[in-house]
Amino acid sequence: MSFFTLQFAALLAAALIFYYALPKKCGWVVLLAVSLAFYAWGGVKTIFYLLFTAGTTYASGLILGRFNRRDADEGKVRAARKKLTVAACVLLNFSVLFAVKYWDQAAGLFSLPRLSLVLPLGLSFYTFASIGYVIDCYRGKQSPEKNPLKYLLFVSFFPTVVQGPISRFGQLAPQFTAAERSADNVKRGLQTAMWGCLKKLIVANRAAVVADAVFANPENYGGAFYAIGVLFYCIQLYCDFSGGIDVARGVALTFGIDLTENFKRPIFAVSLADYWRRWHITLGTWMRDYVFYPLSFSRPMGAISRFARKHVKGKAGKVIPTAAATFVVYLLIGIWHGSSLKYIFFGLYNGAIMTASVLLAGVYSSTRNKLKINEKGAPLHFFRLVRTMAIVFVGRYFTRAPRLLAAFAMLGRTFTHPCLYQLTDGTALTFGLTAFDFAVIAAGVAVILAVEFFEERGAKILDALDRKGALVQFVFILIPLAIITAQAAFGGDAIDASSIYRQF
Amino acid sequence: MKERKKLSSARWLVIFFVTLVLLAALFVPVFNLAVDPYGAFGDRLFGWWSYDFTLNPRLAKISYLKQNADKYDSFIVGSSGSSSIPVADLNEYLGANFFNCMFYGTETATFEQTANYLLTTYRPKNLVLNLSLMTAHTYSVDEKDLTNSAHPDVSGESAFAFYLRYLFASPADSLAKVKYRISDGYLQTPYKVFNQQTGAYDKSRRDAEPIGDLGDYLSRDAYAVFKDYPKANYSLYHVREAVEAVARIKAKAEQTGTRLFVLCQPTYKENLDYFSKDDQAAFFNALAEVTDYWDFTLTPASYDPRYFYDSTHSRGVVGKMELAVMFGDDSVYRPEPFGRYVEQGSAPGAPECDPLPEEEYTATVPIICYHQIVKDGETNASTATEATFESHMKALSESGFTPVSIYDLKAYVENGADLPEKPVLITFDDGYLGNYEIAFPILKEYGFKATIFAIGVSVGKDTYKDTGKAITPHFTLEQAEEMKNSGLITVASHGYDVHEVEGLDAEPVREGMLARRGEKEADYVSFLTADAQKMFSLLGEDAGFVSYPSGKYDERARVILREAGVFATVTTSGDPMNKVVRGLPQSLYDMGRFVVGGDTTAEELISGIER
């Protein structure tokens, strides 16, 4: 079920009524029931994948917990058994992920039979969250959850199950039973969710039309429109994804549950690394905690490290292991996005730039010193902003183009055959958007940028709104609600007057 | 310390939920009520009935009549085939004001409800009930969907349920109407197929469509259906119910003092074959038990697809023939025997009629196009010498051609008048003085009719308008009058001021009768209408014959000209062997011409127009 449907609104309303009407100790049961209903709506069959992941990780957690307790009790470390448990669990779940999401693509390369499995909703999100829990149990950082239903709620929690944020058990699960129930939270939750809805319904859905049109028939357009297509895709992607996360966080907050932040104004990133700390944050931190650190401190990496220090002089030798681990992480992030070659390249592209910037950090800093560039000056900051945007922008050709080679071709033609005349000959109005729609997108983007600009400077906009008078607050209820209701009302297909009259 | 809040979160939530509920509950009905795409609430905001009729004619037409009852005193009731009965002609014959209340579908039960409503509510002077065999096939369909629901005053449905359904219809339908309204233009489109004034289909485009040669007609996508007409068998299950409904309508009409005309509409022959002869006979005999009626089901027109615009609907020209037969108007052509009058109590049986041979109602008329004629000297693609012209006329005469005027063709297509054995139309574009000084005497000598297309702004001029730049001289209005008085020459229209020249006229230059680049449609329509009107005031009715300047025009120009009163047009290209069809005035539109240059020999001319 999508957040942006009337059914979801109805489900949420019912959930809130039960949640607040029933005693506090029943809260988590309501959330579990709603989560399962929400998930089952998309297809009853795929819920077995979710139950499988929940079951195996729940059991692994219990086993690891027992080993940890015995370690403590008997002073005898069962490292091998624990490793075996965690490896088996990880392998099992990633095998499912691979089979469902990547097998058909890989099978195509090696002409093996395809499985054509239906992709369960949110598979990579809940798999990552569950695996994170198992590893935390392995590390002894997390004591295992004994109640299987409470654990199932963590895996299937409806605001997060479709598109994240990828939650940590330790952060999320305790809130199921100890959430602060307050009108303040419900209000903030609704405000956040409305903001997300506006981003998605007003801006993302319109921007998508342009991106889809350009990438569906690239042969119809010159390079300038490829760039415009990518730009609208960037707008769409951010407004869609961050809008969805806002709705998720807002919805969770109406139940008093605070989800981890997933976006932190990525437009203001000053480097690619900074960008990945602001974009899809929970994926980045997951990778950091469960891939980057273990990899950096692993035995093979230790060997590489020693080798590098010995053979590469200076600072570079020291950072080579970090660089290598970084590269692997970004390659994995690329693969996480999808199975086709273009995503692998997207991972390589990010990995290569990140690795290069780690390796060249020293060179940059000495160059800046030589050029006497003020480290804290606005020009350098601006240059970094633009540079980061350009890098991300180019990367988006690869995630949006239909195939890897098409991405290269389109990127090339952006510069070699821009066909600038198309910008003024009305081509823009052939995508299915009117001039009014473009104005709406522009206004929407301007509002979002303004809001994020002030937030970036530390303003708390919703807190400021709280201090306004009742009328102002009412306006900020009425306008978003009116827009959302109108969108919901007009979402259906009209009876096309042109099609009524046929052969009469 | 925490700042004092002006609005507590609890209150905020109350406001939020009240707003949400009110928006959800009120937004849809208020919007639907205002925009009213189905005309259920009287369409007070837009009054765009041609759109509302299209979405649901059964409903919207009744709503429309509630507001415009005083404009009408007579009605047509029937299915979509009734649209071909020309309201203007009917008004003239009966001295009445008709509204065509026809709708989609052929359910006699709904005809009866509609007729009952109209008779009781308005006590009209006349009621035309237009039937077809299909009305005995589908007697009633109980439809409650938005596009087929009848008005509750007609159907007797609970008004509450009815209005609730339209109040809470998807607002997307209302939004669609707003969007169409914003982007709406001059030409008729599939979302506004009705003429608001008459209630009939808006045939402004259909009636301006050039139709001539049958093969060419069938090659168009819209008429492909006639090449491979779908086969089917329909049984008439409801003859009894349908006829009883007619009897009740008749009784009601007698009560209200309304004159009732019962008609059976023209049917394409292959469509008629859907019904067995026995079923046909049963229907017509049963109908004759209850009423007198006119039966136009099968006429010679039923065999020619050019009289039909789709597989089941005849053109307005056929409706015109029906009325002419009914009211004894012999000035209107119709292929005989055209229909039959059936008296109550007789047993007419199934209709019988043979097709007419095509040559009895079509003629091939070549058209020749000259421009300038000079004494002697230099010639080019648009200039011929006197000697050449004379040789052409001689050759036409010797080959047995008889030059005719556009009025001869008009009389042929409209009144069924005869044409000579080998008709030909001689035309001249631009209205040069040479036409008067050189061509006219030769034409007189031969007694040949010809048409000269004058450019309004250039009449009597030898300089380009407002510039003083010398151009080939043009004859004056007096000279035009003199030629006209000879009874041979028609001075027709080449447009008043639609020959713009790059460099002499302001940019962007208008190409022929097309819109200027970036010109607003409303401006263009009024410009072209005014241009045609100027020609009418200059030349009188002869301006109803137009030669398209530079051959540049489009469908929109054609429709605008027709609306302005233009009845015939020629182009600068196309097949010069024009097929004109009796009963089809459209065959005078976009006629092709054989363009004669300075070096065209008499032999070339004759072989070009004698195929």
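Points worth noting:
- Peptide B:17-24 - average C-beta neighbours from other chains (10 Å radius): 5
- Size of charge dipole - the stretch B:222-309 - debye, nearest 20, with Cβ of Lys, Arg +1 and Asp, Glu -1, no other charges: 220
- The equivalent ellipsoid that matches the C-alpha gyration tensor of the protein assembly as shown spans semi-axes of 75, 42, 27 angstrom, in descending order.
- Measuring max minus min along each principal axis, the C-alpha atoms of the stretch B:220-290 give extents of 48, 28, 14 Å (largest first).
- Trypsin sites (Lys or Arg not before Pro) restricted to the stretch B:1-60 and DSSP loop, no more than 13 other C-beta within 10 Å: B:Lys2, B:Arg4, B:Arg44
- Using the rule -39500 (n - 2.57) for each DSSP H run of four or more residues, divided by the residues of chain A, the 222 nm mean residue ellipticity is -23000 deg cm²/dmol.
- Inter-chain shielding of B:76-82 (mean C-beta neighbours from other protein chains, 10 Å cut-off): 1
- Segment A:Ala428-A:Ala178, length gained on full extension (0.36 nm per residue, minus Cα span): 84.8 nm
- Counting only protein heavy atoms and a probe of 1.4 Å, the accessible surface of the protein assembly as shown is 59% carbon and sulfur.
- Here the protein assembly as shown is treated with +1 on each Lys and Arg Cβ and -1 on each Asp and Glu Cβ, and its dipole about the Cα centre works out to around 12260 debye.
- In angstrom, the C-alpha Rg and Dmax of the stretch A:192-428 are 20.2, 62.
- Normalised radius of gyration (Cα atoms, divided by 2.2 N^0.38 Å) for the stretch B:495-545: 1.21.
- For chain B, the longest principal axis of the alpha carbon atoms and the long axis of helix B:171-183 meet at an angle near 20°.
- Helix B:406-415 vs. chain B, principal-axis angle (Cα, 0 to 90°, nearest 10): 40
- Both the radius of gyration and Dmax for chain B are 29.5, 114 Å, in that order, over alpha-carbon atoms.
- Karplus-derived 3J(HN,Hα) values for the stretch A:255-260, using 6.51 cos²θ - 1.76 cosθ + 1.60 with θ = phi - 60°, are 9, x, 9, 9, 8, 5 Hz; glycine and proline are entered as x.
- Maximal additional length on extending the B:Glu398-B:Thr120 stretch stands at 93.2 nm, based on 0.36 nm per residue less the C-alpha distance.
- Model label sites at B:Ala381 and B:Arg516, defined 7 Å from Cα along the beta-carbon direction, differ in position by 2.7 nm.
- Highest to lowest packing among A:362-372, B:153-163, scored as the average C-beta count within 10 Å: B:153-163, A:362-372
- Size descriptor, Kirkwood hydrodynamic radius, that averages inverse alpha-carbon separations across the stretch A:6-178, Å: 17.4
- Between B:Phe194 and B:Thr54, B:Asp202, the built amide H atoms are under 5 Å apart, and every one of these is 5 or more places off in sequence or on another chain.
- Cα gyration tensor shape of the stretch B:348-388, rounded if a/c is under 1.5, else prolate or oblate by comparing a/b with b/c: prolate
- Among the residues of B:167-177, the average count of other protein chain beta-carbon atoms within 10 Å of the residue beta-carbon is 4.
- Sequence-distant residues sharing a close amide H with B:Phe453 (under 5 Å, placed H): B:Phe428, B:Asp429, B:Asp430, B:Gly431, B:Ala492
- Separation of alpha-carbon centers, the stretch A:1-57 and the stretch B:25-104, rounded to whole Å: 51
- Of the DSSP H helices in chain A, those with a Cα length along their own long axis of 24 Å or more and a mean Kyte-Doolittle hydropathy reaching 0.0 comprise A:47-74, A:79-97, A:223-254, A:314-337, A:341-359, A:378-400, A:435-456, A:470-490.
- Cβ crowding within 10 Å averaged over residues, with A:337-346, A:438-447 ranked highest first: A:337-346, A:438-447
- Estimated distance in nm for a label pair at A:Leu109 and B:Leu167, the labels positioned 7 Å out from Cα along Cα-to-Cβ: 6.2
- Cβ-Cβ distance of A:Arg467 and A:Ala446, R₀ of 22 Å, FRET efficiency by 1/(1 + (r/R0)^6): the value works out to about 0.35.
- Separation of alpha-carbon centers, the stretch A:425-475 and the stretch B:396-456, rounded to whole Å: 70
- Per-residue SASA entry for A:Ile483, accessible area with 1.4 Å probe, Å² rounded to 10: 60
- Each part reduced to its alpha carbon centroid, the stretch B:223-287 and the stretch A:278-351 end up 82 Å apart.
- Highest to lowest packing among B:46-53, B:404-411, scored as the average C-beta count within 10 Å: B:46-53, B:404-411
- The dipole here belongs to the stretch B:317-435: it is taken about the Cα centre, uses +1 on the Cβ of Lys and Arg and -1 on the Cβ of Asp and Glu, and is about 180 debye.
The values are calculated or read from the model by the stated rules, or taken from the named source; none is laboratory data. Keep in mind it's a predicted model, so treat the numbers as computed, not measured. Here the Cβ is made from the backbone with ideal geometry for all residues, glycine too, and neighbour counts use every protein chain on show. Accessible surface areas use protein heavy atoms only, side chains included; no ligands, DNA or RNA. Shrake-Rupley method; radii C 1.70, N 1.55, O 1.52, S 1.80 Å.
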